[in-house]
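What follows is one structure encoded as structure tokens, with my remarks underneath.
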Amino acid sequence: MFTFLFDDVGVPQDYRHMEGFGVHAYTLINKSGKAHYVKFHWKPTCGVKCLLEDECVAVGGANHSHATKDLYNSIAAGSYPEWKLFIQTMDPEHEDRFDFDPLDVTKTWPEDIFPLQPVGRMVLNKNIDNFFTESEQLAFCPALVVPGIYYSDDKLLQTRIFSYADTQRHWLGPNYLMLPVNAPKCAHHNNHRDGFMNFMHRDEEVNYFPSRFDPVRHAERFPIPPRICTGMREKCVIEKENNFKQPGERYRSFDPKRQERFICRWVTALSDPRATHEIRNIWIYYWSQCDKSLGEKLASRLNIKPSL
């Protein structure tokens, strides 16, 4: 699963200038069974660009699908958008060395500790012919991984690896993975059989494994990282939440003009009549923990004295 990272504005200029950030940590496994946590990043070769408020009104007001139109026109004109793929890796044995939980999806991995490593690229060089069959029926699922990639103990990922497939079966039908847009392009073998809207012709009797009558060699076994689990299972918050350090660092990384835009947006939001005095105080309390000066500036602009 990827989240597209925007500027402080939150609105991309177009799809060609958007970064893709892998929310979840997966696991890379080599042939000997050694595992490393991994996060994936897509970086646009044309850079990241975003729209300011007045630009959003002008561009979005003229065409609410401006980003889609730009992407389509760029590809049609032969100006193919490109992204480079980077990974960050971490030894699972180092998971507890930091003041945050590396498997917490609300946290990023500092690039000075976990540098970005280039591993590939993606170029979009063809527009789709039929939007419904090639886009609307797409079914991306974090549970579908190739050999060498496995899951991590990321709690949100563990939920998604079974819930996405349930949703897609309800949305597209039980055999949605047989649709051309979702079906594998390489040779594969499984014992799947029949079911509603199944159009795979199978005339053999064997639909189970193992069987000495099965003439097809099954997939090789790939290593899965072993892990000994002990202790009590319970529902609780992440032990090292550390929710305010990274937002504070990000705010302080902004230049003065960007900081001012950020403050103005929050003042506008918290000036809404529906924002009670209690709500304003809670948000000022949160932002003060991220950065003391930020909280003070918000309180001053809103002309209130924090009570938390």
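Mind checking the dipole of region 92-147: about its Cα centre, +1 per Lys or Arg Cβ, -1 per Asp or Glu Cβ, Debye to the nearest 20?
Here the size comes out at about 360 debye.
Looking only at Trp287, Trp109, Trp171, which one moves most when the chain is put into a Gaussian network model with springs between Cα atoms under 10 Å?
Comparing Trp287, Trp109, Trp171 in the GNM, the peak value goes to Trp171.
Tell me the angle of helix 66-76 to the major Cα principal axis of the chain, expressed in degrees between 0 and 90 and rounded to the nearest ten.
So the inclination is approximately 50 degrees.
Rounded to the nearest 500, what is the 222 nm mean residue ellipticity of the chain from helices alone, with -39500 (n - 2.57) per DSSP H run of 4+ residues and division by all residues?
-9000 deg cm²/dmol
Over the chain, with a Gaussian network built from C-alpha contacts below 10 Å, which listed residue (Cys46, Cys236, Cys56) shows the highest mean-square fluctuation?
Cys236
Hey, of (1) 1.24; (2) 0.94; (3) 1.08, which did the structure itself give for Cα Rg over 2.2 N^0.38 Å when calculated?
(1)
Relative to the Cα centre, what is the charge dipole magnitude of region 76-218, using +1 at the beta carbon of each Lys and Arg, -1 at the beta carbon of each Asp and Glu, and rounding to the nearest 20 debye?
600
Counting other Cβ atoms within 10 Å, keep those with at most 11, restrict to DSSP loop, and tell me which GluC sites (Glu not before Pro) in region 111-196 are left.
Filter output for region 111-196: Glu111.
So for each of 271-277, 30-36, 15-21 I average, over its residues, the number of other beta carbons within 10 Å; can you give me the resulting order with the highest mean first?
So the peptides 271-277, 30-36, 15-21, ranked by packing, come out 15-21, 30-36, 271-277.
Counting heavy atoms of the protein chains only and a 1.4 Å probe, report the per residue accessible area for the chain as a whole number of Å².
Ligands and nucleic acids excluded, the result is 67 Å² per residue.
How much length is gained on full extension from Ile282 to Ser65, taking 0.36 nm per residue of separation minus their Cα-Cα distance?
That pair, Ile282 and Ser65, stretches by 74.5 nm at full extension.
Between rounded, prolate and oblate, where does region 53-111 land on the alpha carbon gyration tensor, with a ≥ b ≥ c its root eigenvalues, rounded for a/c under 1.5, else prolate if a/b exceeds b/c?
Oblate, since a/c reaches 1.5 and b/c is not below a/b.
What part of the accessible area of the chain, given as a whole %, is carbon or sulfur when the probe is 1.4 angstrom?
57
Kindly express, to the nearest 10 degrees and within the range 0 to 90, the angle between helix 292-302's C-alpha long axis and the longest C-alpha principal axis of the chain.
Approximately 60 degrees, to the nearest 10.
How big is the dipole moment of the chain about its Cα centre under a simple scheme where the beta carbon of each Lys and Arg is +1, that of each Asp and Glu is -1, and everything else is neutral? Debye, nearest 20, please.
Its charge dipole is roughly 220 debye.
In region 221-275, what GluC sites (Glu not before Pro) fall in a loop by DSSP, with at most 16 other Cβ atoms inside 10 Å?
Passing sites in region 221-275 are Glu234, Glu239, Glu241.
What FRET efficiency comes out for the pair Phe132/Asp96, r = Cβ-Cβ distance, R0 = 45 Å, nearest 0.05?
Using R0 = 45 Å, I get an efficiency of 0.40.
Give the value in nm², to one decimal: projected area of the alpha carbon convex hull of region 227-308, averaged over all directions.
Orientation-averaged projected area of the Cα hull: 8.2 nm².
Report, in degrees rounded to the nearest 10, the 0 to 90 angle that the Cα long axis of helix 277-290 makes with the longest principal axis of the chain.
The helix 277-290 is inclined about 70 degrees to the chain.
The values are calculated or read from the model by the stated rules, or taken from the named source; none is laboratory data. Just so we're clear, the structure is a prediction, and the values are computed from it rather than from any experiment. Glycine also receives a Cβ, built like all others from the backbone with ideal geometry; neighbour counts cover every protein chain displayed. Each accessible area value is taken on the protein alone, full model and side chains, heavy atoms only, with ligands, DNA and RNA left out. Shrake-Rupley method; radii C 1.70, N 1.55, O 1.52, S 1.80 Å.
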